[in-house]
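The values are calculated or read from the model by the stated rules, or taken from the named source; none is laboratory data. Treat the numbers as computed from the prediction; the structure is a model and nothing was measured. For neighbour counting, all protein chains shown are included, and Cβ atoms are generated from backbone atoms with ideal geometry for every residue, glycine included.
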Amino acid sequence: MNPMILDEQTVRRYLLGQLAEHERDEFEERLITDGDSRDEVEATERDLIDDYVHDNLTEDERARFERMFLPSASRRQKITFARALANTTSEHVAEVPTLRTAKFAALLTRVRPPLRLAFAAVVLLVFAGVLWVILDRRESSVEHQTSTPPMNATPQNTNSQVAVQQAEPSPTPVSRSQNDSASIASFLLLPGAERSSDEVRAVTIPPGVTTIRFQLSLSGLPNLEDVRAELRKESPEGSLVFSTGTIRPRSSSQGPYVVLELPSSRLSPGKYVALLKGTDNEIEAIYAFSVRGR
Amino acid sequence: MANSLKRLWTLNQDAFEQLLRVLDVERESAGRKYEDLRHVLVRFFECRGTAFPEELADETLDRIARKIVAGEQIRDVNHYSLGVARLVVLEAFKRKEKAERTINEFSRTSGPTTEDIVEIEKAEGCLRRCLDRLPRENRELVMDYYQGSEGGKASGRKSLAVRLGLTSGNLRMRVLRLRKNLEECVKKCLEVRQKSVTNGPATPLKGGVIDSTA
């Protein structure tokens, strides 16, 4: 059998659910291994959305489009974006700056030459001043970042390059690898479920992070040997998101803690509680926090 | 996600670790491959027209992890995951009641509703801000690429490609990357606006990783 050609028309038929089953299976085999074909799908998907927004689909295509695209929230967002883009680009964007420039030029021609020179000098001075302020701020920001004292928060971490940021109160964002390609972010959670829901602390997952490591601090708790950690939605009775087997507390200069590590994609925005359970399955500590959109 | 599937088994740390080891021996790289695979699966379920592609992707990964824990030897995790994903999508379509209701609901709404129009207006405001943040040449490229009527658009894009010394295909991909960045930027902008409406203005702490005002 000849390999399927992934041209725009085939991709379009795939996205509209028009391929025969065997064609679709073959197409998906390609899709899962071939990055280029994924780009083609992404591009054709946008073209199709634009056609929908501009009412350039046939009746059948439109019906298929709505059946295939509208159920997914992320695709609905793309449609909203396409409508916004269509409205924005249909305006006379190119003419606006031209018009403004023309008015400005006309104004300048009415000004006497010495005044023009003075005006140019003022503009230059303002520009230099702004540049100086920006550079100065950037410099002090760099100084500030490098002066933050590092702290070894995750002794078992396979990524040795860990920068630590301390803040009160819990949950404290502990670390993110300094390496741009690194993909683990750590957060220190202090026990406490007494907070009202309004006071629950928010965790924002930085872009590009694939793994989240929660350090559940055991400070202030009675000595615990073997524990299990669970992550649940909303409350201790909420749906289970992630769990560990039996784990032993570790110790650091900040006191004992256990680690709960999970794929970041499992944390959608919302409220969570991490539970620490003893061998008798009793809850020993609760750590409440919320996750904000990335 | 109220009408989502009910999970019989949830990923745990041990199973997650084992799945990562199948993806790559090096932890960092395995983490990235996990996210890549998840992204491909989300797209798969999206292209099949399901309502909750992310949830189905996680269900697929859970099942793969469970198989690995049970001792199944997986040679090619990508193809294996496709097989599992096909089963998951079949099951999803069998849970028709809710899904069909959702689809029919959306099928009725042809064209934007009043709520959509409000959302589009908000998105427009965000899009302008996002466009302003682009370097001028990229901003002009996006505007030039998407401007014009349908007939004029095709010829306009051809001449734009010629002017930039690109093939039409390369231009299309370049604009796609810019558009994806803009989509992401608009999404974030809308989220921030939504948060400031519900919570008041947010004050990110140092580093912007955490916000204690929520």
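Structure notes:
- The criterion of at least 3 residues that are touching a strand residue (DSSP E or B) at 6+ places or on another chain (Cβ under 9 Å), farther than 22 Å from B:Lys195 by Cα and in contact (Cβ under 8 Å) with a residue 12 or more places away in the chain is met by the following strands (runs of 3 or more DSSP E) wholly inside the range A:196-246: A:211-217, A:228-233, A:240-243.
- Test for A:Asn87: is it part of a helix (DSSP H, G or I), touching a helix residue (DSSP H, G or I) at 6+ places or on another chain (Cβ under 7 Å) and modelled with pLDDT under 95: yes
- Some residue of the range A:232-248 being more than 9 Å from chain B (Cβ to nearest Cβ) and at pLDDT below 80: no
- The set of residues from the range B:15-35 being closer than 14 Å to B:Ile64 by Cβ and either of a type in the set (Asp, Glu) or in contact with a strand residue (DSSP E or B) (Cβ under 7 Å, 6 or more places away or on another chain) (or both) comprises B:Phe16, B:Glu17, B:Tyr34.
- Selection count, the range A:275-293, where residues are small (Gly, Ala, Ser) and surrounded by 23 or more Cβ atoms within 10 Å (Cβ to Cβ): 2
- Residue count for the range B:12-41 satisfying the condition of being at the interface with chain A (Cβ under 8 Å from one of its Cβ atoms), within 19 Å of A:Val241 (Cβ to Cβ) and of a type outside the set (Ser, Thr, Tyr): 7.
- Counted as qualifying within the range A:1-74 are the helices (runs of 4 or more DSSP H) with 3 or more residues that are within 18 Å of B:His79 (Cβ to Cβ), namely A:21-33, A:35-53.
- On inspection, A:Thr44 fails the criterion of being over 30 Å from A:Ser268 (Cα atoms), surrounded by 14 or more Cβ atoms within 10 Å (Cβ to Cβ) and among the hydroxyl-bearing types (Ser, Thr, Tyr).
- Test: residue in the range B:157-167 that is surrounded by fewer than 17 Cβ atoms within 10 Å (Cβ to Cβ), more than 15 Å from B:Lys188 (Cα to Cα) and at the interface with chain A (Cβ under 9 Å from one of its Cβ atoms): no
- Positions within the range B:194-214 being at pLDDT 50 or above, farther than 26 Å from A:Glu45 by Cβ and either within 9 Å of chain A (Cβ to nearest Cβ) or assigned to a helix (DSSP H, G or I) (or both), in sequence order: B:Lys195, B:Ser196, B:Val197, B:Thr198, B:Asn199
- Scanning the range A:255-294 for residues that are in contact with a Pro (Cβ under 7 Å, 6 or more places away or on another chain) and of a type outside the set (D, E, K, R) yields A:Pro256, A:Tyr257, A:Val258, A:Val273, A:Leu275, A:Ile283, A:Ala285, A:Ile286, A:Tyr287, A:Phe289, A:Val291, A:Gly293.
- Options B:Leu37, B:Leu41: the member that is closer than 20 Å to A:Gly17 by Cα and surrounded by 20 or more Cβ atoms within 10 Å (Cβ to Cβ): B:Leu41
- If you go through the range B:174-190 and pick out every residue that is in contact with a helix residue (DSSP H, G or I) (Cβ under 6 Å, 6 or more places away or on another chain) and over 15 Å from B:Glu140 (Cα atoms), you end up with 5.
- Failed item, numbered, when A:Val53 is tested on (1) over 16 Å from A:Val11 (Cα atoms); (2) without any contact (Cβ under 8 Å) to a residue 12 or more places away in the chain: (2)
- Note on the range A:240-262: residues that are under 22 Å from A:Val209 (Cβ atoms), surrounded by fewer than 20 Cβ atoms within 10 Å (Cβ to Cβ) and hydroxyl-bearing (Ser, Thr, Tyr) total 1.
- Only one of the numbered conditions (1) modelled with pLDDT of 90 or more; (2) within 27 Å of the chain's Cα centre (by Cα) is not met by A:Leu31, and that is (1).
- Residue that is surrounded by fewer than 12 Cβ atoms within 10 Å (Cβ to Cβ), of a type in the set (Gly, Ala, Ser) and without any contact (Cβ under 8 Å) to a residue 60 or more places away in the chain, where the choices are A:Ala63, A:Ala20: A:Ala20
Quick grid of which residues meet (1) of a type in the set (Val, Ile, Thr); (2) farther than 23 Å from B:Arg38 by Cα:
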residue	(1), (2)
A:Leu15	no, no
A:Gln18	no, yes
A:Arg24	no, no
A:Ile32	yes, no
A:Gly35	no, no
A:Glu42	no, no
A:Asp47	no, yes
